[in-house]
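Chemist: This is the structure I want to talk about, given as structure tokens.
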Amino acid sequence: MESSPLELPADTLQRIASELKCHPTDERVALRLDEEDEMKHFRECFYIPKKQDLPPIDLSLVDKDEDAIYFGNSLGLQPKMVKTYLEEELDKWAKMGAYGHEVGKRPWIIGDEVILGLMTDIVGANEKEIALMNGLTLNLHLLLLSFFKPTTKRYKILLEAKAFPSDHYAIESQLQLHGLQVEKSMRIIEPREGEETLRMEDIIEVIENEGDSIAVILFSGVHFYTGQLFNIPAITKAGQAKGCFVGFDLAHAVGNVELYLHDWGVDFACWCSYKYLNSGAGGLAGAFVHEKHAYTIKPTLVGWFGHELSTRFKMDNKLQLIPGVTGFRISNPPILLVCPLHASLEIFKQATMKALRRKSILLTGYLEYMIKQYYSQDKAETKKTVVNIITPSSIEDRGCQLTLTFSVPMKQVFQELEKRGVVCDKREPNGIRVAPVPLYNSFHDVYKFINLLTSVLDSAESKK
């Protein structure tokens, strides 16, 4: 399966098709890719839902015993070890009660710290730069309280257009907390007219022209709707050159693309873990603060888990704040949320982000190739229905997600896919996000998805 460093996905598909003496859209190409996939065994580490168990399924259209075609950017699948790890902690609680705080492979009082080492390679940071705590938006608020200190001259927060609503609301409320007018202090970069994604040169131009009035730049790593992967190191460098703090919401980037937060010099970041990190709904989130800020940026809101463990239980109410992001922790770690994340991070440790990204590039490239072969604008003579990909085509500008729009009603397409056992998600106004995940999706999953999409779109076309 592995292509050469200079071989693009389309070239890999053409090469394999040539070897098999068939067209790249032939099922044999997908089967060969799966046969040669060195990562395919990781699929066995997860529970794959059966079609018969999906609420929207139409059993008259499917083989009920087949695995669902599950694309995972909204909620990752459950690692099989989750139940074991949860039962270990529940048994410990049942058998020894409070003593569970101090014993076992996950002592509850340091449950979050036990798994920090599994997170370092995923985000490209050292353990002292990472905290596992809370949910994403709460962590974002805690970080903004410390990094956003507006002055009369530097008072803006810069973000991309159509940021995830929770980020948008968090920024609005932070501005209001400081008594600032949102319309003057919330600087939103819009795509050019007629375009869906942002151009890097436009982002840099705004930073260079307006940076003296910007206190914080807060971007997504990967945009939740378009799937655009932003150039994190370039934005960081440009922002810091103008005296701005630069932070990122990595909800759709962590576990999806390679990250090197420390080396890139990012000031702060936060992420959830229930998407590509497979920790379950509402799973334990993460935060990053670069070590260069360990003794200069302190939490605005403090709790006792930000106090040094060695003296925490003296109860003398004399704060000994842990330097860095660890000091931002407020409450004790929720051990029942640590367990699912632990199970997933162990899989990532075995797989490595570098290898996952390599497979992901080919897997999503295969999806893109198939869509363009059947439904791109220049195929409109033979297929009336057009499927547009609004996610950037450049490998450097996207992760595993492709966002599709349609010349027929999107909601109808989505509902028909659900009936046939495809799990993806729709996002207003007109997008369906399809994100083949290299840990558990196969190339044959993509092939079958394209076949089902063809069936759905042919049906939609006939009803016009």
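The values are calculated or read from the model by the stated rules, or taken from the named source; none is laboratory data. On a predicted model such as this, the values are computed, not experimentally measured, just so you know. Positions of Cβ are generated from backbone atoms using ideal geometry, with glycine treated the same way; all protein chains shown enter the neighbour counts.
Chemist: Which residue out of ILE157, ILE109 is more than 19 Å from ILE322 (Cα to Cα), of a type in the set (Val, Ile, Thr) and at pLDDT 95 or above? Steps first, answer last, please.
Modeler: Values: ILE109 fails: more than 19 Å from ILE322 (Cα to Cα).
The match here is ILE157.
Chemist: When you go through LEU138, LEU77 one by one, which is the residue that is in contact with a strand residue (DSSP E or B) (Cβ under 6 Å, 6 or more places away or on another chain) and either more than 23 Å from TYR260 (Cβ to Cβ) or touching a residue at least 40 places away in the same chain (Cβ under 8 Å) (or both)?
Modeler: Details: LEU138 fails: in contact with a strand residue (DSSP E or B) (Cβ under 6 Å, 6 or more places away or on another chain).
When all the criteria are applied, what remains is LEU77.
Chemist: Do we have any residue at all in the range 278-286 that's in the same structural domain as LEU198 (by the TED database) and either of a type in the set (Lys, Arg) or not in a loop (DSSP other than H, G, I, E, B) (or both)?
Modeler: Filtering the range 278-286 for residues in the same structural domain as LEU198 (by the TED database) gives 278-286.
Within this subset, residues satisfying the condition of being either of a type in the set (Lys, Arg) or not in a loop (DSSP other than H, G, I, E, B) (or both) are 286.
Among the residues of the range 278-286, at least one is in the same structural domain as LEU198 (by the TED database) and either of a type in the set (Lys, Arg) or not in a loop (DSSP other than H, G, I, E, B) (or both), which makes the answer yes.
Chemist: Going through the range 205-230 one residue at a time, which ones are surrounded by fewer than 18 Cβ atoms within 10 Å (Cβ to Cβ) and in contact with a helix residue (DSSP H, G or I) (Cβ under 8 Å, 6 or more places away or on another chain)?
Modeler: The answer is GLU208, and nothing else.
Chemist: Still on this model: Considering every residue within the range 420-431, establish whether at least one is over 23 Å from the mean Cα position of the chain (by Cα) and either assigned to a helix (DSSP H, G or I) or not assigned by the TED database to the domain that holds GLN52 (or both).
Modeler: Looking for residues that are over 23 Å from the mean Cα position of the chain (by Cα) and either assigned to a helix (DSSP H, G or I) or not assigned by the TED database to the domain that holds GLN52 (or both), one finds none in the range 420-431, hence no.
Chemist: State whether the residues of the range 88-96 include one that is assigned to a helix (DSSP H, G or I), surrounded by 17 or more Cβ atoms within 10 Å (Cβ to Cβ), of a type in the set (A, V, I, L, M) and without any contact (Cβ under 8 Å) to a residue 24 or more places away in the chain.
Modeler: No, the range 88-96 has no match at all.
Chemist: For the range 169-199, what are the residues that are assigned to a loop (DSSP other than H, G, I, E, B) and among the polar types (S, T, N, Q)?
Modeler: Quick first cut of the range 169-199, residues assigned to a loop (DSSP other than H, G, I, E, B) only: 178-181, 190-199.
The answer is GLN181, THR197.
Chemist: Every residue in the range 427-464 that is of a type outside the set (A, V, I, L, M, F, W, C), farther than 30 Å from GLU38 by Cβ and crowded, with 18+ Cβ neighbours inside 10 Å, please.
Modeler: Selection gives GLY431 alone.
Chemist: Suppose the filter is among the small types (Gly, Ala, Ser) and touching a strand residue (DSSP E or B) at 6+ places or on another chain (Cβ under 8 Å); does ALA161 pass it?
Modeler: On the way: among the small types (Gly, Ala, Ser): yes; touching a strand residue (DSSP E or B) at 6+ places or on another chain (Cβ under 8 Å): yes.
Spelling it out, ALA161 is indeed among the small types (Gly, Ala, Ser) and touching a strand residue (DSSP E or B) at 6+ places or on another chain (Cβ under 8 Å).
Chemist: Going through the range 321-359 one residue at a time, which ones are surrounded by fewer than 19 Cβ atoms within 10 Å (Cβ to Cβ) and in contact with an Asp or Glu (Cβ under 6 Å, 6 or more places away or on another chain)? Steps first, please.
Modeler: First pass over the range 321-359, keeping only residues surrounded by fewer than 19 Cβ atoms within 10 Å (Cβ to Cβ): 321, 323, 330-332, 334, 336, 346, 349-352, 354-355, 357.
Matches in the range 321-359: ARG357 only.
Chemist: If you go through the range 295-303 one residue at a time, do you hit one that is in contact with a Leu (Cβ under 6 Å, 6 or more places away or on another chain) and either in contact (Cβ under 8 Å) with a residue 24 or more places away in the chain or not in a loop (DSSP other than H, G, I, E, B) (or both)? Talk me through it step by step, then tell me what you get.
Modeler: Narrowing the range 295-303 to residues in contact with a Leu (Cβ under 6 Å, 6 or more places away or on another chain): 300.
Restricting the remaining residues to those that are either in contact (Cβ under 8 Å) with a residue 24 or more places away in the chain or not in a loop (DSSP other than H, G, I, E, B) (or both) gives 300.
Checked against the condition, which is being in contact with a Leu (Cβ under 6 Å, 6 or more places away or on another chain) and either in contact (Cβ under 8 Å) with a residue 24 or more places away in the chain or not in a loop (DSSP other than H, G, I, E, B) (or both), the range 295-303 yields at least one hit.
Chemist: Consider only pairs whose beta carbons are under 7 Å apart and that are at least six residues apart or on different chains; among these, list those whose first residue lies in the range 16-32 and is under 13 Å from LEU363 (Cα atoms) and whose second residue is in a loop (DSSP other than H, G, I, E, B) and of a type outside the set (Phe, Trp, Tyr).
Modeler: Note: pairs meeting the criteria are VAL29/CYS22.
Chemist: While we're on this one: Of all residues in the range 97-117, count the ones that are closer than 23 Å to ALA253 by Cα and either surrounded by fewer than 17 Cβ atoms within 10 Å (Cβ to Cβ) or among the charged types (D, E, K, R) (or both).
Modeler: 3
Chemist: TYR274 is checked against (1) part of a loop (DSSP other than H, G, I, E, B); (2) out of contact with any strand residue (DSSP E or B) (no Cβ under 9 Å at 6 or more places or on another chain); (3) under 30 Å from GLU210 (Cβ atoms) and fails just one. What number does that condition carry?
Modeler: (3)
Chemist: Continuing with this model, one more query. Looking at the structure I just gave you, is VAL413 among the β-branched types (Val, Ile, Thr), over 22 Å from TYR70 (Cα atoms) and in contact with a Phe, Trp or Tyr (Cβ under 9 Å, 6 or more places away or on another chain)? Quick ask: steps written out before the conclusion?
Modeler: On the way: among the β-branched types (Val, Ile, Thr): yes; over 22 Å from TYR70 (Cα atoms): no; in contact with a Phe, Trp or Tyr (Cβ under 9 Å, 6 or more places away or on another chain): yes.
Criteria not met by VAL413.
Chemist: Might you let me know whether the range 432-439 holds any residue that is of a type outside the set (Ser, Thr, Tyr), farther than 22 Å from ASN278 by Cα and in contact (Cβ under 8 Å) with a residue 40 or more places away in the chain? Before you say what the answer is, go through the steps one by one.
Modeler: Start the filter on the range 432-439 by keeping residues that are of a type outside the set (Ser, Thr, Tyr), which leaves 432-439.
Checking the rest, the ones that are also farther than 22 Å from ASN278 by Cα come to none.
No; the residues of the range 432-439 include none that is of a type outside the set (Ser, Thr, Tyr), farther than 22 Å from ASN278 by Cα and in contact (Cβ under 8 Å) with a residue 40 or more places away in the chain.
Chemist: A further question follows. Scan GLY76, GLY72 and give me the residue that is buried (at least 16 other Cβ atoms within 10 Å of the Cβ), modelled with pLDDT under 95 and outside any helix (DSSP H, G or I). Quick ask: steps written out before the conclusion?
Modeler: Details: GLY76 fails: modelled with pLDDT under 95.
Checking each option against the conditions leaves just GLY72.
Chemist: Let me ask another. Among the residues of the range 52-64, are any in contact (Cβ under 8 Å) with a residue 40 or more places away in the chain and either assigned to a helix (DSSP H, G or I) or assigned by the TED database to the domain that holds SER310 (or both)?
Modeler: Within the range 52-64 (the criterion being in contact (Cβ under 8 Å) with a residue 40 or more places away in the chain and either assigned to a helix (DSSP H, G or I) or assigned by the TED database to the domain that holds SER310 (or both)), the answer is no, since none of the residues qualifies.
Chemist: While we're on this one: Condition first: among the charged types (D, E, K, R), part of a loop (DSSP other than H, G, I, E, B) and touching a residue at least 40 places away in the same chain (Cβ under 8 Å). Now tell me which residues in the range 209-263 satisfy that. Steps first, answer last, please.
Modeler: Initially, the range 209-263 is screened for residues among the charged types (D, E, K, R), giving 210, 212, 237, 242, 249, 258, 263.
Checking which are part of a loop (DSSP other than H, G, I, E, B) leaves us with 242, 258.
GLU258 - this is the single residue of the range 209-263 that is among the charged types (D, E, K, R), part of a loop (DSSP other than H, G, I, E, B) and touching a residue at least 40 places away in the same chain (Cβ under 8 Å).
Chemist: Of the conditions (1) in contact with a helix residue (DSSP H, G or I) (Cβ under 9 Å, 6 or more places away or on another chain); (2) assigned to a loop (DSSP other than H, G, I, E, B), VAL325 clears all except one; give me its number.
Modeler: Going through the list (1) in contact with a helix residue (DSSP H, G or I) (Cβ under 9 Å, 6 or more places away or on another chain); (2) assigned to a loop (DSSP other than H, G, I, E, B), VAL325 breaks only (2).
Chemist: Determine whether the range 20-43 contains at least one residue that is under 30 Å from TRP108 (Cβ atoms), outside any loop (DSSP other than H, G, I, E, B) and either out of contact with any His (no Cβ under 8 Å at 6 or more places or on another chain) or aliphatic (A, V, I, L, M) (or both). I'd like the intermediate steps shown before the answer.
Modeler: We begin by selecting, within the range 20-43, every residue under 30 Å from TRP108 (Cβ atoms); these are 42.
If we keep only those that are outside any loop (DSSP other than H, G, I, E, B) as well, we get 42.
With the extra rule that they be either out of contact with any His (no Cβ under 8 Å at 6 or more places or on another chain) or aliphatic (A, V, I, L, M) (or both), the set shrinks to 42.
Within the range 20-43 (the criterion being under 30 Å from TRP108 (Cβ atoms), outside any loop (DSSP other than H, G, I, E, B) and either out of contact with any His (no Cβ under 8 Å at 6 or more places or on another chain) or aliphatic (A, V, I, L, M) (or both)), the answer is yes, since at least one residue qualifies.
Chemist: Give just the number: which of (1) farther than 25 Å from CYS45 by Cβ; (2) surrounded by fewer than 17 Cβ atoms within 10 Å (Cβ to Cβ); (3) modelled with pLDDT of 95 or more does PRO392 not satisfy?
Modeler: Single failed check for PRO392: (2).
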